[in-house]
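Undergrad: First the structure, which I've put down as structure tokens, then a few questions once you've had a look.
The values are calculated or read from the model by the stated rules, or taken from the named source; none is laboratory data. All values derive from a computational prediction rather than experimental measurement. Cβ sites come from the backbone with ideal geometry, for glycine too, and all protein chains shown count toward neighbours.
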Amino acid sequence: MRPLIAALFLVSTVLCGLANAADVEVVGLFKGRAVVRTSAGDEIVKVGQTSKSGVTLIEADSREAVVRFEGETHRLSLSRRIGSSFTEAQAQTVSINPDDQGQYRIQGFINRRRANFLVDTGASVVAMSSEHARSLGINFSIGQRGKVVTAQGEVDASFITLPQVNVGGVTAHNVQATVIEGRYPVEILLGMSYLNQVDMQNQGGVLTLSGR
């Protein structure tokens, strides 16, 4: 596995699952504001504001959001949603067989856009090149600037937080990532900032990832 040295750039969020078109999903939560997702799309809402879809943000901190929707007030925490009732998210599992080189490659999604991953437990965070980021529509210019050490030496990088990374239905939120200037790494490295949020087992050479 290839090592990657990166600084940590933390943004706390609270997330909830999307059950149907009437449901509300909070995909990003910051102090005093939240990113609210409904069937109408994503919208940044500040405390005291009401989104176009009718969601009013009453409180927001690093642990939970208090919102008012359809005349009722809800306190949202991890894996809960607004709909006809609160429902726990169902855990998903995906098994990955090694390729001819003994490496684990799989397709997935970053912020709902398709991406190809190489599982790398030696990478502290998800790592991608600036070319990957641009193709995925990621605005890494807003990230914290810094340096990382690669096989090519010390290079410029941006440290960002990905709202959502999904591999075979196993989703992690608020995933720390490094965007490295240039074409390195050749493949997007699925590092520990994602893997630490899921259950990972290796039995008989087959790598299994499960949601928590």
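Undergrad: Report, by residue number, each residue of the range 103-114 that is over 16 Å from A172 (Cα atoms) and of a type in the set (D, E, K, R).
TA: Within the range 103-114, R105 is the sole residue that qualifies.
Undergrad: With (1) in a strand (DSSP E or B); (2) at pLDDT 90 or above; (3) farther than 18 Å from T171 by Cβ as the list, and F117 as the residue in question, which single condition is left unmet?
TA: Here F117 meets the rest and fails (3).
Undergrad: Could you please find all residues in the range 167-203 being surrounded by 23 or more Cβ atoms within 10 Å (Cβ to Cβ), of a type in the set (S, T, Y) and not in a strand (DSSP E or B)?
TA: Scanning the range 167-203 gives S193, Y194.
The rows are residues; the columns are (1) exposed (fewer than 14 other Cβ atoms within 10 Å of the Cβ); (2) in a strand (DSSP E or B); (3) at pLDDT below 70.
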site	(1), (2), (3)
N20	yes, no, yes
V45	no, yes, no
I58	yes, yes, no
V67	no, yes, no
V94	no, yes, no
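Undergrad: Given S158, S141, S193, which one is closer than 24 Å to V26 by Cβ and not assigned by TED's automatic domain parsing to the domain that holds E25?
TA: Result: S193 is the single residue among S158, S141, S193 that is closer than 24 Å to V26 by Cβ and not assigned by TED's automatic domain parsing to the domain that holds E25.
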